[in-house]
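S.K.: This is the structure, below, for whatever I ask next.
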Amino acid sequence: MIGVMSASGQLGVGVVGHLLRNGVAPTGLAALTRDPAKLGHFADLGVQVRPADYTDCASLSQAFRDVDSLVLIPTKSPVVRRIQEHANALEAARQAGVRRIILLSISAARPDSRSIVAPFYLYAESATRLSGMDWLILRMGLYLDPLVDWAPELAATGQLPYPVERGRVAYVVRDDVARAAAAAALSPGTRGEVLELTGPAAISMTELAADLSTATGREIRFQAVGEEAFLNICLQGGEPPLISQILISLYRAVDAGEFARATDHIERLTGTPARGALDYLTDVLSNISHTTRSTSA
Ligand SMILES: NC(=O)c1ccc[n+]([C@@H]2O[C@H](COP(=O)([O-])OP(=O)(O)OC[C@H]3O[C@@H](n4cnc5c(N)ncnc54)[C@H](OP(=O)(O)O)[C@@H]3O)[C@@H](O)[C@H]2O)c1
């Protein structure tokens, strides 16, 4: 039995989907959420959709019964709360007899990180390694996907604003992270390792803007902005204040080179290379250029 925490989230839905696509019997999957009504589509397929709340140890113990491998996708709660959530999950997993933990962490899980979420990931990685269960840590790079929502606005203004001076990023596509996590859950031999789930190459913000230009058919130039200006952009775009502060700190980490390492670990786990920025953006944005062109025409 494979269990997936945060199975209703953008990443979790992808992990469960890839497990099913890889031939896992739905009855051998436990999709875990605080609100099982959200995952009716999985329940209809025969997946065991179980209630599980990271803040409620009893619900976790119940949810983890018969689970052998558990994919732990952390929440986006404030860092201190996340630490307790992860401690609860590990304790409940140990009590339920879970044999293997697959933890989704981030590339910036390092003691000198500029990111304000790094202390959580450092804790989560250490606690997982010390848990007594088999473990595998999958550190994600920064997702490319959020950029897609901004593409019409970026194409309209012709600017890609980030608070970055010189950092490069091996951006990764969320679906590649999901299929790598699913493959890892199905490979019991991968344990006691820290793998980095990144795109195939680290690119500069200028190169990212060029890829966006090609993908949208509109000229978009990178514009370095200060943190305050970037905060305003995030808040005006509807990002919650905590997530906006996290984003700013992640781009501080970008400038320090913390997301610049590109690996082939997605290919190693899945047999298929990770998608690059130009490939993904062109694919997803191919009709945005028509939309923006016809709007502005
Ligand atoms: N690498 C990157 O660039 C990047 C970008 C964004 C996010 N992330 C990370 O990726 C992970 C998943 O993000 P996402 O965007 O997929 O999340 P999301 O779509 O916002 O979903 C959040 C998930 O957290 C679950 N959750 C929240 N509080 C919970 C609780 N108390 N107990 C149990 N589950 C709880 C929710 O489940 P229910 O509400 O159904 O219970 C939901 O499944 C997070 O660790 C996030 O930090 C990485």
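The values are calculated or read from the model by the stated rules, or taken from the named source; none is laboratory data. Computed from a predicted structure; not experimentally measured. In this analysis, Cβ positions are derived from the backbone assuming ideal geometry, glycine residues included, and neighbour counts consider all displayed protein chains. With ligands, DNA and RNA removed, areas are computed over all heavy atoms of the protein, side chains included. Shrake-Rupley method; radii C 1.70, N 1.55, O 1.52, S 1.80 Å.
S.K.: If you count, for each residue, the other Cβ atoms within 10 Å and average over each peptide, how do 265-274, 99-108, 208-217, 21-30 line up from highest to lowest?
M.R.: Result, highest mean Cβ count within 10 Å first: 99-108, 208-217, 265-274, 21-30.
S.K.: With a 10 Å radius around each residue's Cβ, average the other Cβ atoms per peptide and rank 2-9, 87-94, highest first.
M.R.: Highest mean packing first, the order is 2-9, 87-94.
S.K.: Then there's this: Once phi is turned into θ = phi - 60°, what whole-Hz ³J(HN,Hα) does the Karplus curve with 6.51, -1.76 and 1.60 give for every residue of region 172-183, x standing for Gly and Pro?
M.R.: In residue order, the calculated couplings are 10, 8, 3, 5, 5, 5, 5, 6, 5, 5, 5, 4 Hz.
S.K.: Each residue of region 211-228 in order: what ³J(HN,Hα) in whole Hz does its phi give by Karplus 6.51 cos²θ - 1.76 cosθ + 1.60, θ = phi - 60°, with x for Gly and Pro?
M.R.: Here the 3J(HN,Hα) series is 5, 5, 4, 4, 5, 9, x, 10, 6, 10, 10, 5, 10, 5, 10, x, 5, 5 Hz.
S.K.: Also: Once phi is turned into ³J(HN,Hα) by the Karplus curve 6.51 cos²θ - 1.76 cosθ + 1.60 with θ = phi - 60°, what whole-Hz value does each residue of region 248-253 show in order, with x for glycine and proline?
M.R.: Result, ordered by residue: 4, 5, 5, 6, 5, 5 Hz.
S.K.: Now for a separate question. Restricting things to Cα coordinates, could you compute the convex hull volume per residue of region 209-257 in Å³?
M.R.: Cα-based convex hull of region 209-257, divided per residue, equals 97 Å³.
S.K.: Would you kindly calculate the translational diffusion coefficient of region 37-194, applying Stokes-Einstein with the Kirkwood radius from alpha carbon pairs, for 25 °C and a viscosity of 0.890 mPa s, and quote it in µm² s⁻¹ without decimals?
M.R.: Calculated translational D: 140 µm²/s.
S.K.: State the volume of the convex hull built on the alpha-carbon positions of the chain, expressed per residue in Å³ and rounded to an integer.
M.R.: About 128 Å³ per residue, rounded to a whole number.
S.K.: How large is the dipole of the chain about the Cα centre if only Lys and Arg carry +1 and Asp and Glu carry -1, each at its Cβ, rounded to the nearest 20 debye?
M.R.: 460
S.K.: For the chain, report the accessible area per residue in Å² (1.4 Å probe, heavy atoms, rounded to an integer).
M.R.: 43
S.K.: Something else about it: Give the relative contact order (percent, whole number) for the chain; include only Cα pairs under 8 Å separated by 6+ residues.
M.R.: Once normalised by length, the contact order is 18 percent.
S.K.: Same structure again: Once you place label points 7 Å from the Cα toward the Cβ at R21 and R99, how far apart are they in nm?
M.R.: Going from the R21 label point to the R99 one covers 2.7 nm.
S.K.: Oh, and also: Considering amide H positions built from the backbone, and no H for Pro or chain starts, which residues 5 or more places from V172, or on another chain, come under 5 Å of its amide H?
M.R.: Excluding prolines and chain starts, which carry no amide H, the hits are L142, Y143, L144, G199.
S.K.: Where does the chain land at 222 nm, in deg cm²/dmol rounded to the nearest 500, when only DSSP H runs of n ≥ 4 count, each adding -39500 (n - 2.57), divided by all residues?
M.R.: -14000 deg cm²/dmol
S.K.: Now for a separate question. Please state the relative contact order of region 1-123 as a whole percent: Cα pairs under 8 Å, 6+ residues apart?
M.R.: 23
S.K.: With only alpha-carbon pairs counted, each pair once and no self-pairs, how large is the Kirkwood hydrodynamic radius of region 10-53 in angstroms?
M.R.: 10.3
S.K.: How big is the equivalent ellipsoid of region 225-290 along its three axes, where each semi-axis is √(5λ) from the Cα gyration tensor, reported in whole Å from largest to smallest?
M.R.: The equivalent ellipsoid of region 225-290 has semi-axes of 28, 20, 11 Å.
S.K.: I've got another one for you. So what is log10(I(q)/I(0)) for region 8-91 at q = 0.21 1/Å, when the Debye sum runs over its Cα atoms only?
M.R.: These q points yield log10 I(q)/I(0) values of -1.02.
S.K.: Determine the equivalent ellipsoid of region 149-257 by diagonalising the alpha-carbon gyration tensor, then write out the semi-axes as square roots of 5 times the eigenvalues, largest first, rounded to whole Å.
M.R.: 29, 17, 14
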